[in-house]
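One structure below.
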């Protein structure tokens, strides 16, 4: 059995790679941990500063979370979304 066989079919997993202002990574991590649908958050070293795994039930909920809530955080400068199949 594959991993996806165990997933809730009504839930869409999305990984969001985030760039933010230098030195603001932990502030972004703490803010993201408070958001509904956020399952994991990690500060990283490399091209992206933070990676977050979110679970949503609708495309509208995903857009609201990413566009309004994540991009609405002042230190966040850009995001890249990767949706799992």
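Key figures
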{"quantity": "Theoretical ellipticity at 222 nm over the chain - DSSP helices of four or more residues, -39500 (n - 2.57) apiece, nearest 500", "calculated": "-4000 deg cm²/dmol"}
{"quantity": "Average projected area [Cα convex hull, the chain], square nanometres", "calculated": "5.7"}
{"quantity": "Taking the stretch 3-83 and dividing mean pair separation by its residue count, relative contact order in percent (alpha carbons under 8 Å, at least six apart)", "calculated": "43"}
{"quantity": "Approximate spin-label separation residue 9-residue 43, in nm, with each point projected 7 Å along Cα-to-Cβ", "calculated": "4.1"}
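Each reported figure results from applying straightforward, stated rules to the coordinates on display, with no laboratory input. Note that the structure is predicted; figures quoted are calculated from it, not measured. Ideal geometry is used to build each Cβ from the backbone, glycine not excepted, and the neighbour counts take in all protein chains shown.
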